[in-house]
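Here the structure is laid out as structure tokens; the discussion comes afterwards.
Just so it is clear, none of the values below were taken in a lab; they were calculated from the coordinates. Note that the structure is a prediction, hence the values are computed from the model and not measured. All Cβ positions, glycine included, derive from the backbone under ideal geometry; neighbour counts span all protein chains shown.
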Amino acid sequence: MRMARYDRYGPPEVLYVATVPRPEPSPRQVLVRVRAVSVNGGELRIRSGGLALLGGRRFPKTLGVDFVGEVVARGAKVSTVTVGERVWGVLPRLATESNAEYVVVDPGRLSPAPADLDPVEAVTLLAGGTTGITALRDHARLRTNERVLVRGAAGGVGSVVVQLAKARGAHVTALAREANLGFVRGLGADVALDHHAHGPADLGAFDVIIDCVGTDVPDYRALLAPRGRMVAIAFGTVRDLGHIVGSTVYGRGRVRFFSGNPKRPLLSELAGLVEGGRVRPVVDTVYELDDVAAAHRALEAGGVRGKHVVRVD
């Protein structure tokens with residue numbers, strides 16, 4: 001099979017497509033024929049060497065965490081999925097190997113994909129949808145009519161968080177580039193502001209802040225209303241991570257940070273929201289597997305609306 005990989009840390013140009021043996025599922029695994037994967041910000045940091053302490057120095061390395069495809073084989077002890085079933089899923093933490101024609105996965109990390117979406121559309125919702133549900137429901141405990149601020153509202157996670165927050169009855173203020181303000185209003189944002197023109201001092205108080213950018217954490221944390229909750233989806237620098245960790249012991253309002261690890265119940269819940277019309281996909285640009293380096297360059301350039309997708313056909 002064909003698989004994207006790299007032999008050293010560096011810019012997108014280190015990526016290439018190799019021919020490798022097709023994996024075989026163990027008795028408790030499923031083999032999925034991958035049709036589409038999305039490009040996620042964390043992959044860029046790993047590939048560039050920004051997280052080398054976690055990634056280590058053993059090469060070659062692979063990439064890709066989410067996928068949509070169909071089951072082509074299953075282990076003898078698997079009964080929860082069927083061959084030919086159309087599925088979507090997310091690999092476990094630190095496992096990055098879905099930029100390939102096939103992937104083996106635990107069936108507990110799969111669910112049926114939304115019926116009305118093609119693979120390219122569906123895969124744009126996996127990272128943002130599972131992260132958004134967990135952030136808003138489990139960590140922020142968002143309630144109807146609360147005021148929510150979403151930083152990075154046009155990106156792959158932020159664009160879904162805006163939709164999910166509106167579906168839960170919140171008043172949503174979205175921060176994005178000026179060119180994307182109409183786009184985020186179209187997703188349901190009540191207020192859309194240019195993040196270059198409007199800093200924290202201009203914004204007022206919020207019950208919930210979902211930060212998909214991860215910079216200037218103390219300044220945005222200061223916007224929390226009494227009993228406000230802030231959830232950081234990303235962190236920009238080690239210093240910002242320090243502020244997130246330190247928020248548990250000083251100042252007003254702890255900043256929650258989590259690493260998503262979605263399994264079947266959460267994937268099924270997200271599929272239900274999609275099929276119920278509560279969330280819609282946003283595809284920015286579609287690349288072929290051979291053009292995976294171009295997909296990484298595009299995400300690094302910024303300005304994405306929704307997701308860049310790699311089609312694996």
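Here is how the numbers come out for the structure above:
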quantity: Backbone N under 13 Å from the residue 300 label point (7 Å along Cα→Cβ), restricted to region 62-106; calculated: none
quantity: Peptides 70-80, 155-165 ordered by average Cβ neighbours within 10 Å, highest first; calculated: 155-165, 70-80
quantity: Cα-based Rg / Dmax (Å) for region 83-168; calculated: 14.8, 45
quantity: When the chain is reduced to its Cα atoms, the Kirkwood hydrodynamic radius in Å; calculated: 19.9 Å
quantity: C-alpha center-to-center spacing [region 193-229, region 120-159] in angstrom; calculated: 16 Å
quantity: Ranked packing of 36-43, 191-198, most packed first, by mean Cβ within 10 Å; calculated: 36-43, 191-198
quantity: Degrees, to the nearest 10: 292-301 long Cα axis against longest axis of the chain; calculated: 10 degrees
quantity: Amide hydrogen neighbours beyond the local backbone of residue 87, cut-off 5 Å, H modeled; calculated: 69, 70, 71, 113
quantity: Principal-axis tilt of helix 264-275 within the chain, Cα atoms, nearest 10 degrees; calculated: 70 degrees
quantity: DSSP-defined antiparallel bridges as percent of all bridges, the chain, nearest 5; calculated: 55 percent
quantity: Lysines whose Cα lies under 27 Å from that of residue 307, excluding same-chain neighbours fewer than 8 positions away; calculated: 61, 166, 263
quantity: Length added when fully stretched, residue 53-residue 191, from 0.36 nm per residue minus Cα-Cα; calculated: 45.7 nm
quantity: Protection proxy ranking of 61-68, 99-106, 10-17, 225-232 - average other beta-carbon atoms within 10 Å, highest first; calculated: 61-68, 99-106, 225-232, 10-17
quantity: Rounded, prolate or oblate (a/c below 1.5 giving rounded, otherwise prolate when a/b exceeds b/c) for region 133-245 by Cα gyration tensor; calculated: rounded
